[in-house]
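What follows is a single structure, written as structure tokens, with notes after it.
The values are calculated or read from the model by the stated rules, or taken from the named source; none is laboratory data. This is a predicted model, so every value here is computed, not measured. Here the Cβ positions follow ideal geometry from the backbone for every residue, glycine too, while neighbour counts run over all protein chains shown. Heads up: the accessible areas ignore ligands, DNA and RNA and are worked out on the full protein's heavy atoms, side chains in. Shrake-Rupley method; radii C 1.70, N 1.55, O 1.52, S 1.80 Å.
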Amino acid sequence: MINVLFAAKADRWAAYEPHLKSGLAAAGLTADLRTEFPPEEVDYIIYAPNSAVQDFTPYTRLKAVLNLWAGVESVVGNPTLKAPLARMVDPGMTQGMIEWVVGHVMRHHLGMDRNILRQDGTWEPHIPPLAQNRRVTVLGLGELGSACATKLSQLGFDVAGWSRRPKDVKGVTCLAGEDGLTAALSRADILVLLLPKTPATENLLDAKRLAQMPAGAMIVNPGRGQLIDDEALLATLNSGHIAQATLDVFRIEPLPADHPYWAHPNVTVTPHIASETRTETASQVVVENIRRGEAGEPFLHLVDRAAGY
Ligand code: NAP
């Protein structure tokens, strides 16, 4: 019998329980899946970083922590966690992110906010270029970034992507390193941020780097709020150098009511909804990792604790 602790907010249990139970049974695993166990009896923790479990020390026979979120910044540095940590790579979440990113890139590309006219008698058509003449840059070419970059390229955009290590993504100009970042930013008519929050990416988009972007550029951030220096972004939005920003993630969430982003005419705020983990597909990913653990096979999607993602 494998003991699997589900450690996430209570409303998640109801959503996940049927999928996890049927998945474990289908994988031929005899597992006891619960929201409470004596810690020393737990083999696997299916985990959300906002759960009550923050000290892993009492979980003495833990084989792995299986994160339900793609972002691991609030668990990766936990010194009490000695067991392997796997992050969420969920086909449902990837598809959701593609849809959100393509939707907002299209909105900015087509000038939809400008072209849907209010009934004030003004008639100033704004004719967008074709996608092939719009340069989109995606910072982060991981599971989500490479999927979005690929789809944008398939739509005809001139797409570049940037990652820590050199990558090869079909239809995408792949850049890496500091020089690659300058090149990536200087051609970004529309910039999509899909980097994780790590010490190396915090405030990556500061005043200097925002200034490297073309005048009139637009930013779409479904990555993490900490990737952007907020003061610098507000200054460059006010100067007009950056024309528009669509922001899904923030340093403090919910975004405080008095934050200048709310009232800024060129900022669109969305409430961290770019893409949710989908319970059905995510349950299959978690079950596969438990199956692997029991079969002595390597876990999928292990986090590099030193790199922080
Ligand atoms: P991932 O597969 O780990 O990919 C991360 C990418 O960022 C990789 O290409 C990586 O480079 C690159 N990267 C990391 N550190 C870097 C650095 N210092 N310099 C340059 N590139 C760097 O992650 P993912 O699954 O695509 O998810 C990305 C992020 O999206 C998550 O961490 C999370 O913050 C965010 N997210 C948001 C939502 C939402 O609803 N808003 C939902 C899901 C995820 P390498 O390829 O060289 O490793």
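General observations
- Considering the conditions (1) away from the ligand (no atom under 12 Å from the Cβ); (2) of a type in the set (S, T, N, Q); (3) closer than 17 Å to L68 by Cβ, S275 is excluded by exactly one of them, (1).
- Among (1) open to solvent by 60 Å² or more (accessible area, probe 1.4 Å); (2) closer than 20 Å to G142 by Cβ; (3) without any contact (Cβ under 8 Å) to a residue 40 or more places away in the chain, the one test that P49 misses: (1)
- Yes/no for L205 being open to solvent by 10 Å² or more (accessible area, probe 1.4 Å), under 29 Å from V75 (Cα atoms) and within 16 Å of the ligand (Cβ to nearest atom): no
- Residue tally, condition within 22 Å of V249 (Cα to Cα) and open to solvent by 40 Å² or more (accessible area, probe 1.4 Å), over segment 67-93: 6
- Residue match in segment 144-153 (condition: open to solvent by less than 90 Å² (accessible area, probe 1.4 Å) and on the phi > 0 side of the Ramachandran plot): no
- Residue within segment 72-80 that is in contact (Cβ under 8 Å) with a residue 60 or more places away in the chain, assigned by TED's automatic domain parsing to the domain that holds K9 and touching a strand residue (DSSP E or B) at 6+ places or on another chain (Cβ under 9 Å) present: yes
- Across segment 78-115, the number of residues qualifying as under 16 Å from the mean Cα position of the chain (by Cα), assigned to a loop (DSSP other than H, G, I, E, B) and over 23 Å from V286 (Cα atoms) comes to 0.
- Scope segment 1-32; condition assigned to a loop (DSSP other than H, G, I, E, B) and open to solvent by less than 70 Å² (accessible area, probe 1.4 Å); matching residues: A8, A27, G28, L29
- Some residue of segment 110-126 being within 16 Å of the ligand (Cβ to nearest atom) and either open to solvent by 20 Å² or more (accessible area, probe 1.4 Å) or closer than 22 Å to C174 by Cα (or both): no
- R164 open to solvent by 40 Å² or more (accessible area, probe 1.4 Å) and touching an Asp or Glu at 6+ places or on another chain (Cβ under 7 Å): no
- When residues in segment 217-254 are screened for being among the small types (G, A, S), open to solvent by less than 20 Å² (accessible area, probe 1.4 Å) and either more than 14 Å from the ligand (Cβ to nearest atom) or free of Cβ contacts under 8 Å to residues at least 12 places away in the same chain (or both), 3 of them pass.
- Residue pairs meeting the criteria (Cβ under 9 Å; at least 6 apart or on separate chains; first within 21 Å of K197 (Cα to Cα), in segment 286-309; second among the hydroxyl-bearing types (S, T, Y)): V303/Y309; A307/T198; G308/T198; G308/T201; Y309/T198; Y309/T201
- All positions within segment 184-201 that are more than 9 Å from the ligand (Cβ to nearest atom) and surrounded by fewer than 17 Cβ atoms within 10 Å (Cβ to Cβ): S186
- For segment 140-166, the set of residues classified as out of contact with any helix residue (DSSP H, G or I) (no Cβ under 7 Å at 6 or more places or on another chain) and either within 11 Å of the ligand (Cβ to nearest atom) or aliphatic (A, V, I, L, M) (or both) consists of G140, G142, G145, S146, A149, S163, R164, R165, P166, listed by residue number.
- For segment 222-277, residues that are touching a Pro at 6+ places or on another chain (Cβ under 8 Å) and on the phi > 0 side of the Ramachandran plot total 0.
- Residue that is among the aliphatic types (A, V, I, L, M) and within 16 Å of the ligand (Cβ to nearest atom), where the choices are V75, V53, V65: V75
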